[in-house]
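Accompanying notes for the structure given below.
The values are calculated or read from the model by the stated rules, or taken from the named source; none is laboratory data. Bear in mind that the values here come from a model prediction, so they are computed numbers and not experimental data. Cβ placement follows ideal geometry from the backbone for every residue including glycine, while neighbour counts extend to all protein chains displayed.
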Amino acid sequence: MNSLKTDEITLKRDGDICFVCFNRPERNNTLKLSTLATLEQIARSFTDDIETKVVIFHANGKHFSFGADLRDIQKQAAKNLPLVLRRRQMALGAELLKSIQNIPQVTICALQGTAVGGAVAIASACDFRIASTDCQMSYGEVKLGMPLMWHALPLCVQLIGPARAKKMIMSGRPENANTLLHWGFVDEISNADAVLGNAVKMAGIYTSLPPVAVQAIKKSINAYSGALDQAVMHMDTDQFLLLQNSEDAKEAFMALTEKRSGKFTGD
């Protein structure tokens, strides 16, 4: 797959670097189910790609991505689909992260502005992250009465350790670029207008090296650091589906819609 352009994603090649770009700036690059499916298809296509050495994920517009498209979630919920189909839909995010991790080539994520929830999870599945100085990242699921899913929790823990992962995921509060650099979540920060250019510079380190050796090392490190991920996280989709129907989740969603503080009871 050398090029692709949809209302949601663009894909283009420049020499031995491929650029995967979020392309919904008018909606802050929010992620619909169709976006996730397209991204997974793109990620899997690199398995048969012998020309690309580095894949760079980035976004058009002021913000990298506000995460899940709440309007799309509401639309899917209104369909009242059978549980068996809802489980398959909710598992799509985890399949996407797995497909990004399994990209043989080096992956770099260039982030600017705000990144939330699933967008941060996508960034964490890449090998490296470069953020703009004004970048803020957060896992906002807890504010909607939901746990973090997509098997993204181990990726965060591996990057910043248990205590900082708890702070970031359990509070849902945004962390700035300097903090994330100090923690090790991002590898480099730069001015917003230079983020993509610096990602290309970083890519140059790996495009100049023997690709088979680089890709073999990447695969071994991923296998070692994530050896227990699937065994531990296999139920996170079911946890999400359980909590989605809780009274606290309904109250959280209404509070967000009405721009007020929620009143939570533990039900």
In the list 10, 47, 52, which residue meets the criterion of being assigned to a helix (DSSP H, G or I), out of contact with any Gly (no Cβ under 8 Å at 6 or more places or on another chain) and polar (S, T, N, Q)? 47
Of the residues 190, 208, which is over 21 Å from residue 137 (Cβ atoms), modelled with pLDDT of 95 or more and of a type in the set (Ser, Thr, Tyr)? 208
Restricting attention to region 47-75, which residues are modelled with pLDDT of 95 or more, surrounded by 20 or more Cβ atoms within 10 Å (Cβ to Cβ) and farther than 17 Å from residue 110 by Cα? 52
Taking residue 249 and the conditions (1) more than 20 Å from the chain's Cα centre (by Cα); (2) surrounded by 15 or more Cβ atoms within 10 Å (Cβ to Cβ); (3) under 25 Å from residue 98 (Cα atoms); (4) aliphatic (A, V, I, L, M), which numbered condition does it fall short on, given that it satisfies the others? (3)
For region 5-19, what are the residues that are surrounded by 15 or more Cβ atoms within 10 Å (Cβ to Cβ) and touching a helix residue (DSSP H, G or I) at 6+ places or on another chain (Cβ under 7 Å)? 8, 9, 11, 16, 17
Here are the criteria: (1) touching a Ser or Thr at 6+ places or on another chain (Cβ under 8 Å); (2) within 25 Å of residue 198 (Cα to Cα); (3) buried (at least 17 other Cβ atoms within 10 Å of the Cβ). Tell me which single one residue 42 does not satisfy. (1)
Residue pairs, Cβ under 8 Å, 6 or more apart or interchain, first in region 120-137 and in contact (Cβ under 8 Å) with a residue 24 or more places away in the chain and over 21 Å from residue 219 (Cβ atoms), second buried (at least 22 other Cβ atoms within 10 Å of the Cβ) and aromatic (Phe, Trp, Tyr). List them. 120/139; 135/64; 137/185
Here is a list: 129, 173. Which entry is at pLDDT 95 or above, within 28 Å of residue 251 (Cα to Cα), basic (Lys, Arg) and touching a strand residue (DSSP E or B) at 6+ places or on another chain (Cβ under 9 Å)? 173
